[in-house]
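Note sheet for the following structure.
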Amino acid sequence: MRSDFLAIEEWVSNGSRVLDIGCGDGALLQHLQANRQVRGLGVEIDETKILDCVAKGIEVIEQNADQGMANFADNSFDTVLLTQTLQAVHRPDFVLEEMLRIGKECVITFPNFGHWQARRYLLWRGKMPVSKFMPYKWYDTPNIHFCTVRDFEQLCAERNISVLHRSFESRSTGDSHRSALVDRWPNLLATHALYHVTR
Amino acid sequence: MNDPQTSSQAAGQPGGKAHGSTAASSVGLVAPRHFRYDGAFRTSGGRELPGIELVYETYGELNAAKNNAILVCHALSGDHHAAGYHSDSDPKPGWWDEHIGPGKAIDTRHFYVVSVNNLGGCGGSTGPSSINPETGKAWGPDFPSLRVRDWVDSQHILMEHLGVAQWAAVIGGSLGGMQALRWALEYPDLLRHSVVIASALKLTAQNIGFNNTARTAIISDPDFHAGRYQEHGVWPKNGLSIARMIGHITYLSGDLMGQKFGRELQAGSFARGNEEALEFQVESYLRYQGEKFADSFDANTYLLMLRALDYFDLAREYADDAVAAFRHARCKFMIMSFSTDWRFSPARSREIVDALIAAEKPVSYAEVDSSYGHDSFLLPVQRYQKLLGAYMRQVHAECIALGGQS
């Protein structure tokens, strides 16, 4: 069980309609269907992952969210999810605006580039951080828009996005864990941030 | 696609190679069945046929729970012969043999597959070439015009005859996809899945234009005789052949035709001092395709099918609102399109998908890369087969969950 699934599950109501943008192999939607009886729909562009979804019986639409989500009506979903995908889209702010238009509430999770290990890597080596969690080189990474916890908070403030809940995880020491320490200094200590937002 | 070279090779079976019907993945030898319905069949146009006959084939076994039946709907020029071979010298299998059989996407070890020659067809079901009992002569142009809903209604009559209470899935490509869509609205409780491949909510003006050009080729053939060619002992072979050539060009992608034929010559030469007749390979190919079709297909049926295709508009009676139309559906949908299909382009499939999303219906959609144009839905395109297979395994799992064995 992925720990972020449990956190997200807390923020999703029973029987609600959920859209997962960049749903991958459909594991999160499958989890939410089993535990929250949601009516789920995924959006994905990777054909292998689309096949994985179909094989699981997860409904999935082949569509590139970067090219717009105009086919989804305003407030047509209870919750729109974007997990570990924000940093990979071409226009994170545009995708976020679209999510807030389509969903009554949104859940966004992303890796925190402000984590102390990333800072140390950049400070001492003077190179873009490569780690277990960010295994790509700067030139071949799909993660083209890294941000920090503080960056995301600032975007929310600028765009009048209300944060309903925040959750931070540190996965740097093996098993993922949350702690008061991580919650106190998330921008330094969290490897992963989870936000539950609305407008 | 089926070019002259490959079909003659298939027919030859040199070297005593085993016939395709003996392959483990083939449904083997199959025989069409006839179903006679003696009740009056009222068409959407308000006409009444005094009883109808439908020719169909089935593959696989209906399980004890009777919940594993799949209806396969054919497209413009298809028929009931979707899989297997009619004899051990049959040169080629049914039109969807790539997808129907043991271990194939529509796995006949799990499903009871029903494929019917549509009413108005020329594969043996009641149609324009059948005898009108009132006159003792062929119906010809007097056969009622039909809509997609008439096929769905007649398939429903056959369904009751077969003892199938609910289709596990109704599946079709192109015009067959339109039937799968119409099923979902006309008999929402009688199917659990609608699988719609390379289809549309309605044809575009461009599509109707192509179809009308094909129709014009047929009716302007001097041998057409206003559709009463059977009475004259002739048939509009040239017109039908041209109609098929027009269709065939539009079912392929420009790139594929370029790769396959380029500007290669079948006969003659461009050498100076040479004035003999030249023929491009693409000309020879299309002529073969046209003639082969014209020798085996009834012109009045082709006209009827083309018109049904043109007239289809899923949302017409729902105030042209596809979302309102789909609110009546209760099944799940799988929609697929092909990147180079310009006759039923991915944009047309997206219209179906978007309306289903807005109607809050369960839907999956994939746009499959393929160079084969509209014809892709008939071909063993790998990603397409995997997706269809994965979807159908879920349909099968559901059959078991609902109490069906195997």
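The values are calculated or read from the model by the stated rules, or taken from the named source; none is laboratory data. Note that the coordinates shown come from a computational prediction; the quantities given were computed from them, not determined experimentally. Methodologically, a virtual Cβ is constructed for each residue, glycine included, from the backbone with ideal geometry; neighbour enumeration extends over all protein chains shown. SASA here: full protein model, heavy atoms, side chains in, ligands and nucleic acids out. Shrake-Rupley method; radii C 1.70, N 1.55, O 1.52, S 1.80 Å.
Details
- Calculated P(r) tail over 18 Å for region A:29-76, as whole % of Cα pairs: 37
- Mean separation of Cα contacts under 8 Å, 6 or more apart, over the residue count of chain B: relative contact order %: 18
- When the alpha-carbon atoms of region B:224-330 are used, the pair Rg, Dmax equals 20.6, 70 angstrom.
- Total accessible area lost when A and B pair, probe 1.4 Å, Å² to nearest 100: 1600
- Using only alpha carbons, region B:331-385 has a radius of gyration to Kirkwood radius ratio (Rg to Rh) of 1.00.
- Extent along principal axes [Cα atoms of region A:42-141; Å; largest to smallest]: 48, 29, 20
- Amide H contacts for A:LEU81 (H built 1.01 Å from N in the peptide plane; partners 5 or more residues away or on another chain; cut-off under 5 Å): A:LEU19, A:ASP20, A:ILE21, A:VAL107.
- Straight-distance candidates among the lysines for linking to A:LYS127, with alpha-carbon spacing under 17 Å and chain neighbours fewer than 8 residues away dropped: A:LYS137.
- Gap separating the Cα centres of region B:262-321 and region B:22-50, nearest whole Å: 27
- By average C-beta atoms within 10 angstrom, highest first, the peptides A:8-18, B:146-156: B:146-156, A:8-18
- Within the listed set B:THR58, B:THR213, B:THR340, the residue fluctuating most in the Gaussian network model of chain B (springs between alpha-carbon atoms under 10 angstrom) is B:THR213.
- Rounded accessible area per residue of the protein assembly as shown, 1.4 Å, Å²: 43
- Percent RCO, i.e. relative contact order, over region B:325-406, from Cα pairs under 8 Å lying at least 6 residues apart: 31
- Taken as Cα centroids, region A:66-100 and region B:352-395 sit 24 Å apart, rounded to the nearest whole angstrom.
- The protein assembly as shown, Cα convex hull volume normalised per residue, Å³: 209
- Dimensions of region A:3-198 based on its C-alpha atoms, expressed as ranges along the principal axes with the largest first, amount to 47, 34, 33 Å.
- Listed residues B:GLY273, B:GLY373, B:GLY233, most fluctuating in chain B (Gaussian network, C-alpha, under 10 Å): B:GLY273
- Long pairs among B:LYS17/B:LYS104; B:LYS202/B:LYS292; B:LYS92/B:LYS292; B:LYS17/B:LYS92, criterion Cα-Cα beyond 20 Å: B:LYS17/B:LYS104; B:LYS202/B:LYS292
- Within 10 Å of each Cβ in A:73-79, the average number of Cβ atoms from other chains: 1
- Shape category assigned to region B:300-359 from the gyration tensor of Cα positions, a/c cut at 1.5: oblate
- Think of chain A as having a plus end and a minus end, set by charges on the Cβ of Lys, Arg, Asp and Glu; of A:LEU122, A:LEU51, A:THR141, A:LEU122 sits farthest toward the positive end of this dipole.
- Cβ-based charge dipole, the protein assembly as shown, positive-most Cα from A:ILE108, B:GLN266, B:TYR85: A:ILE108
- Within 10 Å of the Cβ of each residue in B:350-361, the mean number of Cβ atoms contributed by other protein chains is 3.
- Computed over chain B with a Gaussian network model linking Cα atoms closer than 10 Å, the most mobile of B:GLY101, B:GLY254, B:GLY78 is B:GLY254.
- Binning the alpha carbon pair distances of region A:112-169 at 5 angstrom intervals from zero yields the distribution 4, 15, 23, 23, 15, 12, 8, 1, expressed in whole percent.
- Relative to the Cα centre, the charge distribution of the protein assembly as shown, modelled as +1 at Lys and Arg Cβ and -1 at Asp and Glu Cβ, gives a dipole magnitude of about 1500 debye.
- Accessible area of region B:74-186 belonging to carbon and sulfur atoms, whole % at 1.4 Å probe: 43
- Calculated mean residue ellipticity, 222 nm, chain A: -8500 deg cm²/dmol, from DSSP H runs (n ≥ 4) at -39500 (n - 2.57) each, averaged per residue and rounded to 500.
- Peptides A:93-101, B:176-184, A:190-198 ordered by average Cβ neighbours within 10 Å, highest first: B:176-184, A:190-198, A:93-101
- Per residue convex hull volume, Cα atoms of region B:55-205, in Å³: 138
- Treating each Cα of region B:194-271 as an identical point scatterer and summing with the Debye formula, the log10 of I(q)/I(0) at q = 0.13, 0.25 Å⁻¹ comes to -0.64, -1.09.
- Neighbouring partner chain Cβ atoms per residue of B:383-392, average, 10 Å criterion: 3
- Theoretical ellipticity at 222 nm over chain B - DSSP helices of four or more residues, -39500 (n - 2.57) apiece, nearest 500: -11000 deg cm²/dmol
- Remark: relative contact order (chain A) = 18 percent; criterion is Cα-Cα distance under 8 angstrom and separation of 6 or more residues.
- Cα-derived Rg over Rh, computed across chain B with Rh taken as Kirkwood radius: 0.97
- Listed by chain and number, the lysines whose C-alpha is less than 17 Å from the C-alpha of B:LYS332, apart from same-chain residues fewer than 8 away, are A:LYS56, B:LYS361.
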